[in-house]
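For reference, the structure discussed in these notes is given below.
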Amino acid sequence: MNLKHALAGVALVAATLAAPFSMAADKVRIATEGAYAPFNFIDESGELKGFDVDIANALCEQMKADCTIVAQDWDGIIPGLMARKYDAIIASMSITPERSRVVDFTDPYYSNSLIFVAPKKGSFSPESVSGKAIGAQRATIAGQYLEDNLGDKVSVKLYDTQDNAYLDLSSGRLDAIVSDQLPAYDWLRSDEGQAFEFKGEKIDIDDKIGIAVRKNDKLRQKMNKALKEIVENGTYDRINAKYFPFSIY
């Protein structure tokens, strides 16, 4: 065998050995909650839908990655990432110092504020909350705000999902909830939300929403690049317009 053929053989073997690793690197598993409409929810056919899911699919297409999106309960979503059940979390997760000690975040892909939601016909006012029963989703910015700022004045009720907080509000077991403004905006337009409204001004807490990955994972850089590209090529705006008549970026 001459040198040319030998080198060709070595190159073929190297390419064959490298191929599975390249293919594996292009496979990305993404977790979302599936209970936080309109950002992530499970539709009547059992499929994951929503803004987060559309953003995940757009990023995967931009990265030319083979992605699988799975549902994961909120309380276990970061532990699942650390246990390598999936590679990224796209689930409307706020970027906080506490979480940033455990995971890395991409650049923000939208911004959020908090707000009170209460019955239209009720007497609830954010300026007079003493003795009220107020709910929020557990392990969220809204829940933390409620506990930190009103915990000594109100009866705090925390829920495993946002839907369960809405349910208790609708049934009269709560006087109000503290919620992320954007999902609450969507709920107020639903049949269940017609009797409720925002109360007071939005609570601006400089809340930025990012994609979580494991520490020092190169996937973060790939997703940041893809996020910038879908913003520049108009894909982000098209997804935004499906859910909101205003920009949330």
Subject >> For a label point 7 Å along the Cα-to-beta-carbon line of LYS202, residues of the stretch 230-249 with backbone N under 11 Å >> reply: 246-249
**OP:** Please list 54-62, 241-249 highest first by mean number of surrounding beta-carbon atoms within 10 Å per residue.
**Re:** 54-62, 241-249
**OP:** Report ³J(HN,Hα) in whole Hz for each residue of the stretch 216-222, in order, from the Karplus equation J = 6.51 cos²θ - 1.76 cosθ + 1.60 where θ = phi - 60°; Gly and Pro get x.
**Re:** 6, 7, 5, 4, 4, 5, 5
Subject >> J(HN,Hα) series, the stretch 117-126, from Karplus relation 6.51 cos²θ - 1.76 cosθ + 1.60, nearest Hz, glycine and proline x >> reply: 10, 8, x, 4, 8, x, 9, 5, 9, x
Original post:
How would you order 221-229, 127-135, 205-213 from highest to lowest mean count of nearby Cβ atoms within 10 Å?
Top reply: 205-213, 221-229, 127-135
**OP:** Name the residues whose placed amide hydrogens come within less than 5 Å of the amide hydrogen of SER113, ignoring near sequence neighbours (fewer than 5 apart) on the same chain.
**Re:** GLN181, LEU182
Original post:
Normalised by the residues of the stretch 129-226, what does the relative contact order come to in percent, with Cα pairs under 8 Å and at least six apart?
Top reply: 25
Original post:
Under a 5 Å amide H to amide H cut-off, with H placed in plane at 1.01 Å, what residues pair with ILE69 once short-range neighbours are removed?
Top reply: ILE30
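Got a sec? What order do LYS199, LYS215 fall in by accessible area at 1.4 Å, biggest, i.e. largest, first?
Reading off the accessible areas and sorting them downward yields LYS215, LYS199.
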**OP:** Could you tell me which label, among (i) 43, 18, 15; (ii) 41, 21, 14; (iii) 27, 20, 16, carries the value of semi-axes √(5λ) of the Cα gyration tensor in Å calculated for this structure?
**Re:** (i)
Original post:
For the chain, what is the accessible area per residue in Å², given a 1.4 Å probe and the full set of protein chains?
Top reply: 52
**OP:** Provide the per-residue ³J(HN,Hα) series for the stretch 232-249, in order, calculated from phi with Karplus coefficients 6.51, -1.76, 1.60 and θ = phi - 60°, each as a whole number of Hz, with x at glycine and proline positions.
**Re:** 6, 8, x, 4, 4, 4, 5, 5, 3, 5, 5, 10, 9, x, 8, 6, 10, 5
Original post:
Which one of ILE134, GLN162, TYR185 has its Cα pushed farthest toward the positive end of the charge dipole of the stretch 125-212, where Lys and Arg give +1 and Asp and Glu give -1 at the Cβ?
Top reply: ILE134
Original post:
Round to a whole number: what % of the accessible area of the chain belongs to carbon and sulfur, probe 1.4 Å?
Top reply: 52
Original post:
What shape does the stretch 64-112 take by its C-alpha gyration tensor, where a ≥ b ≥ c are the square roots of the eigenvalues and a/c under 1.5 counts as rounded, a/b above b/c as prolate, and the rest as oblate?
Top reply: oblate
Original post:
Any idea how far apart VAL231 and VAL156 come out in nm if each label point goes 7 Å out from Cα toward Cβ?
Top reply: 3.3
Original post:
Do you know the Lys pair count in the stretch 164-227 for C-alpha distances under 30 Å, with sequence separation 8 or more or different chains?
Top reply: 5
Original post:
Can you list residues whose amide H is under 5 Å from SER155's amide H, if they're 5+ apart or on another chain and H is modeled 1.01 Å from N?
Top reply: GLY131, LYS132, ALA133, ILE134
**OP:** Can you tell me the relative contact order of the chain? Whole percent, Cα pairs under 8 Å, sequence separation 6 or more.
**Re:** 26
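The values are calculated or read from the model by the stated rules, or taken from the named source; none is laboratory data. Only a predicted model underlies this, so the values are computations on that prediction, with no experimental measurement involved. No Cβ is skipped: glycine too gets one built from the backbone with ideal geometry, and neighbour counts run over all protein chains shown. Please note that ligands, DNA and RNA were not included when accessible areas were found on the heavy atoms of the full protein model with its side chains. Shrake-Rupley method; radii C 1.70, N 1.55, O 1.52, S 1.80 Å.
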